[in-house]
Every structure is written in C-alpha cells, then in structure tokens.
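Presented below is the structure to which this report refers.
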C-alpha cells in the first residue's frame, strides 16, 4: 500500500546515494503527514524552512525534494494511499465492529471524515491483515470523538463492540487451558460483560433502525461470548446483577463464600435469591465453569 514512486530526474539522481532506510522513512512521513506533503510542492518553501518546520536533516530534505521533483506521480501515490487507508478504516469497522458501522451510517455521521480524523491521530499506520487490532484502535478513537456523542446510546454500542474486539484478541493471544475441577468458579475467558447507560435492545432487535434515534437512558448490561475463534460473537442481554457477579469472578477463581465477600467488598449485596440462577445462566452462556450451587 505504500509503494514508492520511481525517482528519475536530476534531484532524484542526487538522492540515489542516500541510505535506503532513510529514504523509505521520509516517504512514509510524506504519506502520513499532510502538511509535509503540501509544503514539499510549495515553491515558496525553501529547504531551510522545510527542514525547520518538519525537523528534517539535510539528507532527509534532499529525499523530500527528490520526490517533489516528479509531482504528478508522487501526488498520485499520496492520494491513492490515503484513499485506501480511509477505505481500510471503513472495512475494518464493517467486518469487526458491524454494529458501530451500521449505527454511524444510520446516524448520518460522516464516516469518511471520522476515518481521516482517526488516521491523523494514529499516524496513518497500516496494520495490513490484522483487522481486529486495527479496528480496536478505531473504536478507541470513536469512543471519544465529539461526533459520537449523539445519538444517545451510540457510545454504549461502541463500548460493546470494543469489548468484543478485546475478547477476540484475548482468545487469539491466550491458548485455552483446561479448567481445574477444584470446587471453585472460574471464568472461561470466552465471554465479556459490558454495562451501559442506555438500553441498547431497540437497536439490537431492529438493526434497520440502528443509530437513527436516541435510546432510552436505562442502566443495562450485555454479554458478548464466543465458543472459540472460529465462531461468531453472540450478543445477549444480561441482568446487571449477573454482570457484577462476572466482574467479581474476573479477579480470579473463587468459591461461593469468596464470591459473596468480593461482591460485598465492591459495595454490592453479598447475595440475592437470584444468584444461583444467574450463575447457571453465565455458565450456560460459556462465561464461567464450576459448581452452580
């Protein structure tokens, strides 16, 4: 995606003796830094100004001038790279965070502009085939972008996709080990709970409406689970109490008495009449294993 245009004219010939790694680094900067890409073609910007404004050494400035000597192909490569990178952001969202992608489209937000803002903040890094990790960075950016403050609930949906992306990366990075049968409750690492400030169910039930209206403010929780990396993530609603139980278990394996103590230490009720059923529900969805009673 970042192929370097061929240098053929006199300035390029003078640059041929420059270290290849340095020339490549300069080319990457040109691709990633729009102000540098603009200034290199500006006749009013001399070498001294170029070096000062962009912290370039004299050899680096010579490499910039070599690329600027063939403006048409160089501009074409820059535009093509940036076009493809903007497209890569949209593709990453569509494949690894489809709910966020649909919500942004449904809300009428300018996805191309958001992608460009993200790339500017991310240094126009190219992750190649590592889509999920790339998408995770995009979601981190979108979670704080001013444009995603509305409609109400959009940032909660982004948080759900962020958690799912994190789950996928965790499953990829950590081999699944057999869980010991030691009388304690263990998390499996195959599910993650997300608490939200809004009720996402209207969007999750009807994706045709996703992003098109504000969601009601209502504390809610959702579980994203995967049996393995080959499976698609499954999303389901979750009682808040179940999410708090799972959060307590994330601190490490524990027996029921220890779980009660952890919940109490976190400011929750130590136990409720629904806890056994909720623990069974978490086990049924693959989030935990261990004794259910």
* Residue count, the range 32-61 (criterion: under 22 Å from residue 121 (Cβ atoms), assigned to a helix (DSSP H, G or I) and modelled with pLDDT of 90 or more) -> 7
* Structure fact -> When the range 175-230 is checked residue by residue, the ones that are surrounded by fewer than 19 Cβ atoms within 10 Å (Cβ to Cβ), out of contact with any strand residue (DSSP E or B) (no Cβ under 7 Å at 6 or more places or on another chain) and over 30 Å from residue 290 (Cβ atoms) are 202, 205, 206, 207, 208, 209, 212, 213, 214
* Could you please give the count of residues in the range 243-293 that are touching a residue at least 40 places away in the same chain (Cβ under 8 Å) and surrounded by fewer than 16 Cβ atoms within 10 Å (Cβ to Cβ)? => 3
* To do: Give me a count of the residues in the range 176-203 that are in a helix (DSSP H, G or I) and without any contact (Cβ under 8 Å) to a residue 60 or more places away in the chain.
  => 2
* So which residues in the range 139-156 are touching a strand residue (DSSP E or B) at 6+ places or on another chain (Cβ under 7 Å) and either surrounded by 20 or more Cβ atoms within 10 Å (Cβ to Cβ) or not in a loop (DSSP other than H, G, I, E, B) (or both), if there are any at all? -> 153, 156
* Structure fact -> residue 222: passes all of (1) in contact (Cβ under 8 Å) with a residue 24 or more places away in the chain; (2) at positive phi but (2)
* Among what's in the range 163-175 and is touching a helix residue (DSSP H, G or I) at 6+ places or on another chain (Cβ under 7 Å) and touching a residue at least 40 places away in the same chain (Cβ under 8 Å), pick the residue that is nearest to residue 226 (Cα to Cα). => 168
* Would you confirm whether any residue within the range 100-108 is more than 17 Å from the chain's Cα centre (by Cα), surrounded by 17 or more Cβ atoms within 10 Å (Cβ to Cβ) and in a helix (DSSP H, G or I)? => yes
* Asked: How about the range 50-66: which of its residues are out of contact with any helix residue (DSSP H, G or I) (no Cβ under 8 Å at 6 or more places or on another chain) and on the phi < 0 side of the Ramachandran plot?
  -> 52
* Where in the range 239-284 are the helices (runs of 4 or more DSSP H), entirely inside, with at least 3 residues that are touching a strand residue (DSSP E or B) at 6+ places or on another chain (Cβ under 9 Å) and under 22 Å from residue 224 (Cα atoms)? -> 240-249, 275-284
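The values are calculated or read from the model by the stated rules, or taken from the named source; none is laboratory data. Since the model is a prediction, treat every value here as computed from it, not as a measurement. Every residue, glycine as well, gets a Cβ built from its backbone with ideal geometry; the counts of neighbours run over all protein chains shown.
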